Amino acid sequence: MNLPDIMSGVVLTGHGGPEMLEWRDDLPVPVASKGDVIIRVGAAGVNNTDINTRTAWYSKAGAKADDASWSGTPLTFPRVQGADVCGRIVAVGEGVDAARIGERVLIEPCLREADGQRLQTPWYFGSECDGGFAQYTRVASRHAHAIDSDLSDVELASFPCSYSTAENMLTRAGVREGDTVLVTGASGGVGSATIQLARARGAEVIAVTSAAKAQELVQLGATRTLDRNDDFVAEIGASSVDVVADLVAGPKFPALLDLLCPGGRYAVAGAIGGAIVELDVRTLYLKVLSFFGCTVLEAQVFGNLVGRIERKQIAPLVAETYPLRDIGAAQQAFGEKGYIGKIVLQVD
């Protein structure tokens with residue numbers, strides 16, 4: 001098909017608040033380089049990485065923000081964000097089978113290839129390169145995973161970031177049937193995904209949440225819930241869980257390690273409760289604990305996730321849907337955390 005020369009979308013013009021997001025109707029439609037595909041975006045989810053990148057949260061330099069991307073590489077502006085993407089391939093670059101045109105795809109957000117080159121340091125889609133908050137986007141063919149599903153674009157766009165992060169945590173921590181997994185931040189996109197994916201592996205799940213959301217998480221598959229203000233050790237006992245999947249960190253971090261049994265595994269992919277924590281190293285070595293930082297996806301994770309979606313082992317959790325033009329309102333709702341699951345932007 002003949003693609004237009006310009007498109008509409010949202011660009012990030014610099015680090016700061018929502019005022020740094022700008023709607024544009026004159027964005028150039030991306031052109032496929034060798035090994036690339038061009039995707040007509042159907043829907044794109046909202047996630048923490050978009051907001052963290054906008055606010056320069058990743059930067060250890062603070063206000064300087066010269067390393068404020070997911071990989072530590074300086075960002076260039078304007079940037080089209082958006083890592084959670086479902087759409088259809090409408091054009092291909094050199095070396096890509098033209099039969100891929102028309103495929104419905106999910107984009108793997110952790111990129112190992114871009115601009116026809118293997119990346120030394122993985123990029124995050126919508127951070128180090130333009131993403132899906134526009135009508136069209138470009139990605140290396142290997143990162144556009146064909147999917148056969150009767151779910152809507154909005155439903156499918158709720159999966160890539162949250163569920164691949166959750167699947168990666170469980171993969172790295174070696175979660176298996178019979179394990180007991182404690183999930184912090186369990187009502188958010190990654191947390192609710194972790195509940196479903198851990199249950200799909202045959203694990204029991206203890207979900208940390210608020211009282212208002214507890215029953216919904218039990219219906220989702222949690223065996224038990226804890227209130228985030230509880231004394232965790234008093235409630236379930238020391239050395240009582242095999243794996244902690246942590247998205248919160250903060251002041252509760254020492255208690256999470258107390259909960260782990262000898263030989264337990266701690267996997268972390270977020271720090272919404274505070275990035276600086278107190279660690280008694282004796283707990284780490286005397287209990288023979290293993291720690292797993294989880295950002296870059298293991299090679300098999302995204303393909304495994306697509307398979308679970310196709311086999312209907314997991315279900316989408318779409319809390320709210322907004323038009324792309326209303327991204328400011330969507331991100332505000334995202335920050336208020338008054339929902340379970342994902343907020344998704346519909347792209348026309």
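Using θ = phi - 60° in the Karplus curve 6.51 cos²θ - 1.76 cosθ + 1.60, the 3J(HN,Hα) couplings for segment 227-240 round to 6, 4, 8, 5, 7, 4, 5, 5, 6, 10, x, 5, 6, 10 Hz; x is entered for Gly and Pro. Evaluated at q = 0.18 Å⁻¹, a Debye calculation over the C-alpha positions of segment 86-232 (equal weights, vacuum) places log10 I(q)/I(0) at -1.05. Largest to smallest in accessible area, the residues K342, K312 fall in the order K312, K342 (1.4 Å probe, all protein chains included). Remark: the Cα gyration tensor places segment 265-317 in the prolate category, a/c being 1.5 or greater and a/b exceeding b/c. Entry note, segment 41-188: relative contact order of 26 percent, from Cα contacts under 8 Å with a spacing of 6+ residues.
I'd like the antiparallel share, as a percent to the nearest 5, of DSSP beta bridges with both residues in segment 179-337. Percent antiparallel among DSSP bridges in segment 179-337 is about 0. Volume per residue of the convex hull around the Cα atoms, evaluated for segment 292-348, comes out as 148 Å³. The H on the amide N of A203, modeled in the peptide plane, is under 5 Å from the matching H of G178, each at least 5 residues off or on a different chain.
Label 7 Å along Cα→Cβ of D97; segment 118-142 residues with amide nitrogen under 19 Å? So the set is 139-142. Computed extension length for I272-R142: 43.7 nm, one decimal, from 0.36 nm per residue of separation with the Cα-Cα distance subtracted.
P(r) for segment 135-196, from all Cα pairs and a bin width of 10 Å, is 18, 42, 30, 10, 1 %, short bins first. Here r is the Cβ-Cβ distance between T283 and L119 and R0 is 51 Å; the resulting FRET efficiency, rounded to 0.05, is 0.90. Under 5 Å from the amide H of V85 lie the amide H atoms of G45, I107, each residue being 5 or more positions distant or on a separate chain, with H modelled from the backbone and absent for Pro and chain starts. Helical runs (DSSP H, four residues minimum) scored at -39500 (n - 2.57) apiece and divided by the length of the chain put the mean residue ellipticity at 222 nm at -6500 deg cm²/dmol.
Taking only the Cα atoms of segment 1-146, the ratio Rg/Rh comes out at 0.97, with Rh defined as the Kirkwood radius. Shape index of the chain: Rg/Rh, with Rg the Cα radius of gyration and Rh the Kirkwood radius from the inverse mean 1/r over Cα pairs, equals 0.97.
With an 8 Å cut-off on Cα pairs and a minimum separation of 6 or more residues, tell me the relative contact order of the chain in percent. Across the chain, relative contact order equals 17 percent. A simple count of charges around F125, restricted to other residues whose Cβ falls under 14 Å of its Cβ and scoring Lys, Arg +1 and Asp, Glu -1, yields -4. Phi angles of segment 188-202 translate, via the Karplus equation with coefficients 6.51, -1.76, 1.60 and θ = phi - 60°, into HN-Hα couplings of x, x, 6, x, 5, 5, 5, 4, 4, 6, 5, 5, 5, 8, x Hz per residue; Gly and Pro are given as x. How big is the antiparallel share of DSSP beta bridges in the chain, given as a percent to the nearest 5? Restricted to the chain, the bridges split so that about 55 percent are antiparallel. Length available on full extension from D25 to F291: 0.36 nm per residue minus the Cα-Cα distance, which gives 91.2 nm.
Full extension of the chain between A234 and S210 yields a length gain of 6.9 nm, computed as 0.36 nm times the residue separation minus the alpha carbon distance.
Summing Cβ point charges (Lys, Arg +1; Asp, Glu -1) relative to the Cα centre of the chain gives a dipole of roughly 540 debye. For V92, nonlocal amide neighbours, meaning residues 5 or more places apart or on other chains whose placed amide H falls under 5 Å from its own, are I38. Residue-wise HN-Hα couplings along segment 92-106, as the Karplus relation 6.51 cos²θ - 1.76 cosθ + 1.60 with θ = phi - 60° gives them from phi, are 10, x, 4, x, 10, 4, 4, 5, 6, 4, x, 5, 8, 9, 10 Hz; Gly and Pro carry x.
The values are calculated or read from the model by the stated rules, or taken from the named source; none is laboratory data. Quantities reported herein were computed from a predicted structural model and do not represent experimental measurements. All Cβ positions, glycine included, derive from the backbone under ideal geometry; neighbour counts span all protein chains shown. These accessible areas exclude ligands, DNA and RNA; they are computed on the full protein's heavy atoms, side chains included. Shrake-Rupley method; radii C 1.70, N 1.55, O 1.52, S 1.80 Å.
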